[in-house]
Amino acid sequence: MQQKIVIIGGPGTGKSTVLNELISRGFHCMPEISREVTKMAQEKGIDQLFLEDPLLFSNLLLEGREKQYLDADKSKDEIVFFDRGIPDAHAYMNYSNTEYPDYFIEKSNTYKYHKVFMLPPWEEIFVSDNERYESFDIAVEINHHLEKTYQEIGYEIITVPFGTVNERTNFILDSLKSDT
């Protein structure tokens, strides 16, 4: 049976770096899609779609993450890693205090992940860029909403300790091995 593993955390916590390390080790990983959605909006003259129309932005993320989940089902890989999961969409809506339709939570309950690893906020590695508008303090607040949202759905979150990329990646892989 295939394991779907999601890696969550606020902006700038090292998720993409760890996912890139997993890819270099031969694992199948689904990339974060929010940067792609943000870049497409910027090409249309919308600087930060999440800030201007959080519901539209979150709907696009939800659709993209649902597609990733279904695409993973077609893979023959025993483990598929995800850079963020379906519940992230409504966690961010909770952060922005924006109402959203019930289907956000319904999809989070329909498409379940086997394990959730959280990379906590880490100020020493946090960097802002053109697609990441958040400050470190905002990243901490978003992280809180992510943790709360996943726990409300019933997930047990495994916190990945600070360390080198190899140490963090090894922690995740060792945690998965201990379950088999």
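The values are calculated or read from the model by the stated rules, or taken from the named source; none is laboratory data. From a predicted model like this one, the values you see are computed outputs, not experimental measurements. Every residue, glycine among them, receives a Cβ derived from its backbone with ideal geometry; neighbour counts consider all protein chains shown.
Residues in segment 137-179 that are of a type in the set (Gly, Ala, Ser) and closer than 12 Å to Val18 by Cα: 1 in all. Confirm whether Thr17 is among the polar types (S, T, N, Q), within 23 Å of Ser135 (Cβ to Cβ), modelled with pLDDT of 90 or more and within 15 Å of the chain's Cα centre (by Cα). Against the criterion (among the polar types (S, T, N, Q), within 23 Å of Ser135 (Cβ to Cβ), modelled with pLDDT of 90 or more and within 15 Å of the chain's Cα centre (by Cα)), Thr17 qualifies.
Surrounded by 13 or more Cβ atoms within 10 Å (Cβ to Cβ), touching a helix residue (DSSP H, G or I) at 6+ places or on another chain (Cβ under 9 Å) and part of a loop (DSSP other than H, G, I, E, B): which single residue out of Glu134, Glu147, Glu123, Glu99 fits that description?
Working: Glu147 fails: part of a loop (DSSP other than H, G, I, E, B); Glu123 fails: surrounded by 13 or more Cβ atoms within 10 Å (Cβ to Cβ); Glu99 fails: surrounded by 13 or more Cβ atoms within 10 Å (Cβ to Cβ).
Going through Glu134, Glu147, Glu123, Glu99 in turn, just one is surrounded by 13 or more Cβ atoms within 10 Å (Cβ to Cβ), touching a helix residue (DSSP H, G or I) at 6+ places or on another chain (Cβ under 9 Å) and part of a loop (DSSP other than H, G, I, E, B): Glu134.
Yes or no, residue by residue, for (1) in contact with a helix residue (DSSP H, G or I) (Cβ under 8 Å, 6 or more places away or on another chain); (2) part of a helix (DSSP H, G or I):
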residue	(1), (2)
Lys67	no, yes
Asp77	no, no
Phe82	yes, no
Lys107	yes, yes
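Would you check if Glu52 is more than 16 Å from Phe117 (Cα to Cα) and free of Cβ contacts under 8 Å to residues at least 24 places away in the same chain? When the stated conditions are applied, Glu52 passes them.
Would you check which residues across segment 152-166 are assigned to a helix (DSSP H, G or I) and surrounded by fewer than 13 Cβ atoms within 10 Å (Cβ to Cβ) and list them?
Answer for segment 152-166, where residues must be assigned to a helix (DSSP H, G or I) and surrounded by fewer than 13 Cβ atoms within 10 Å (Cβ to Cβ): just Asn166.
When Arg25, Arg35 are screened for being surrounded by fewer than 16 Cβ atoms within 10 Å (Cβ to Cβ), out of contact with any strand residue (DSSP E or B) (no Cβ under 8 Å at 6 or more places or on another chain), over 25 Å from Lys148 (Cα atoms) and in contact (Cβ under 8 Å) with a residue 12 or more places away in the chain, only Arg25 passes.
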